[in-house]
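A.B. asks: Got a structure for you, written out below as structure tokens; questions coming shortly.
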Amino acid sequence: MSDPISSVMASKECDRHRAVLGLIFHSNSNPRTAHYIDSVREYLRTSQTCIVPRRFANDLLLMMEKLDESLRPKDPRIDGDLLRISANLSRLAEKITCNTELTIPYQGDKGQTYLELFVGKKLRWESVGIYCALVACSLVHAQQSVGNFDIPRMIEASSMCVDICRRIGPINEMGVLSIYQNLMATSQHYGDKDKRTRSQLSELANAIVESGLNKDEKGVDVPPRLIGLRRCLLVASLTIDETICAADSCRELIKQCHVDNLEGNGDPWVWPISSGYGPQTWVQLRFALVNLRVILKIILGTAGNTTATVAVSVVECYSLWWNKLPRYLRYPELFAGKDTAENARQIRLLVASAYLEFLCIKLEAHPPKGAIP
């Protein structure tokens, strides 16, 4: 005999899961999913900073289109039709929950990639949360909203998906991406100083630590594409962490997580496999430029032997980083010289900063057109 209290709690949880899908696929007025999907596609086409992998996003949007078609009422005036839709939402919510309860391996079955384990028949709450956050970001990006509550409603749905994932089991990379995209939507809509934004930033910092995203993947069998996603996600998180905390005049949260994924003598970045100025390239270059400027400011504002020591280590670190840039991004002679004078090192740092700024301007001039891994 089942525990009555447990049964009631399970029933409430199921109702909550169905309510999330109700926010997405059904409203009191006309269905809006088609508009949402068009808006997200335009956002993905024009955004230079959205780090959601495009192939995954395209598969997810196709999935949402099919689900919307199957859940759309043929005649809202017929009660039986609405009851059928409610039952279908319950079954779909149960299926997504069952998928989310499964542990995701880094490498799926033969012929599958990691991201394919989150869409299609294996659709999970992490993916639904990413979709909702993308809808909210796209509507903010287009400076429009269908009705008065579309953006906050989709942010709420995304937040609920995050909460469901946290209740079900351990966080994974796509769970962190869901939280990050939710934070982007929250900060864009409510502002960096809003308590909801700060709360989501704390959630992101905790998720990064729990998922091990801040740790080096050395000795771990992780596919290259997934390493690229992990590094890009970490860099993007550090960037938004700095932006939000600067607006609120407080210490960064994620920076305090003992980040060592971008340190050491290993490969500090994994760049997109196919050449092109995509969002992943943009985010990583921008992060490197900001860090170079901070280091340069310290060097120029300090005197003595300590300054020279710092400058040497900085040049060595960024020489390694620069030499690992893809050929289409490199300026080969920048760190080729053997100058040891402090002013020479500072000039090289200035050139590096200027060249990265130039690359970022190129990214603005050439927004991503195709899919990135």
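The values are calculated or read from the model by the stated rules, or taken from the named source; none is laboratory data. Values in this document were obtained by computation on a predicted structure and should not be read as measured data. When we count neighbours, we look across all protein chains shown, and the Cβ atoms used for this are built from the backbone with ideal geometry, even at glycine. Heads up: the accessible areas ignore ligands, DNA and RNA and are worked out on the full protein's heavy atoms, side chains in. Shrake-Rupley method; radii C 1.70, N 1.55, O 1.52, S 1.80 Å.
A.B. asks: If I filter the stretch 218-228 for residues that are closer than 21 Å to residue 60 by Cβ and at pLDDT 75 or above, do I get at least one hit?
C.D. replies: Narrowing the stretch 218-228 to residues closer than 21 Å to residue 60 by Cβ: 223, 225-226, 228.
Pick out the ones that are also at pLDDT 75 or above and you get 226, 228.
Checked the stretch 218-228: at least one residue is closer than 21 Å to residue 60 by Cβ and at pLDDT 75 or above.
A.B. asks: Would you say residue 199 is polar (S, T, N, Q), over 25 Å from residue 48 (Cβ atoms) and modelled with pLDDT under 95?
C.D. replies: Here the answer is yes, as residue 199 does meet what is asked.
A.B. asks: Let me ask something else about it. Exactly one of (1) at pLDDT below 80; (2) surrounded by 14 or more Cβ atoms within 10 Å (Cβ to Cβ); (3) closer than 27 Å to residue 176 by Cβ; (4) of a type outside the set (Ser, Thr, Tyr) is unmet by residue 109. Its number?
C.D. replies: The number of the failed condition is (2).
A.B. asks: Based on this model, can you work out whether residue 150 counts as more than 18 Å from residue 47 (Cα to Cα), open to solvent by less than 10 Å² (accessible area, probe 1.4 Å), modelled with pLDDT under 90 and among the acidic types (Asp, Glu)?
C.D. replies: Judged against the criteria, residue 150 is a match.
A.B. asks: So residue 32 fits all but one of (1) modelled with pLDDT of 85 or more; (2) basic (Lys, Arg); (3) surrounded by 15 or more Cβ atoms within 10 Å (Cβ to Cβ); what number is the exception?
C.D. replies: Against the list (1) modelled with pLDDT of 85 or more; (2) basic (Lys, Arg); (3) surrounded by 15 or more Cβ atoms within 10 Å (Cβ to Cβ), residue 32 comes up short only on (1).
A.B. asks: Among (1) under 21 Å from residue 206 (Cβ atoms); (2) over 14 Å from the mean Cα position of the chain (by Cα), there is one condition residue 177 misses while meeting the rest; what is its number?
C.D. replies: So the condition that residue 177 fails would be (2).
A.B. asks: Among the residues of the stretch 119-134, which ones are at pLDDT below 95, surrounded by 13 or more Cβ atoms within 10 Å (Cβ to Cβ) and not in a loop (DSSP other than H, G, I, E, B)?
C.D. replies: Within the stretch 119-134, 120, 122 qualify.
A.B. asks: Output the residue which, of all residues in the stretch 78-87 that are farther than 13 Å from residue 14 by Cα and either outside any helix (DSSP H, G or I) or open to solvent by less than 50 Å² (accessible area, probe 1.4 Å) (or both), is modelled with the highest pLDDT.
C.D. replies: That would be 85.
A.B. asks: A further question follows. Mind checking which pairs have a first residue in the stretch 241-263 that is closer than 13 Å to residue 205 by Cβ and a second that is modelled with pLDDT of 85 or more and open to solvent by 70 Å² or more (accessible area, probe 1.4 Å), Cβ under 8 Å, 6 or more apart or different chains?
C.D. replies: 257/209
A.B. asks: If you don't mind, there's one more thing I want to ask. Out of the residues in the stretch 165-208 that are of a type in the set (Val, Ile, Thr) and open to solvent by less than 10 Å² (accessible area, probe 1.4 Å), state the one that is nearest to residue 150 (Cα to Cα).
C.D. replies: Here the answer is 186.
A.B. asks: On the given criteria, is residue 158 hydroxyl-bearing (Ser, Thr, Tyr) and within 16 Å of residue 43 (Cβ to Cβ)?
C.D. replies: yes
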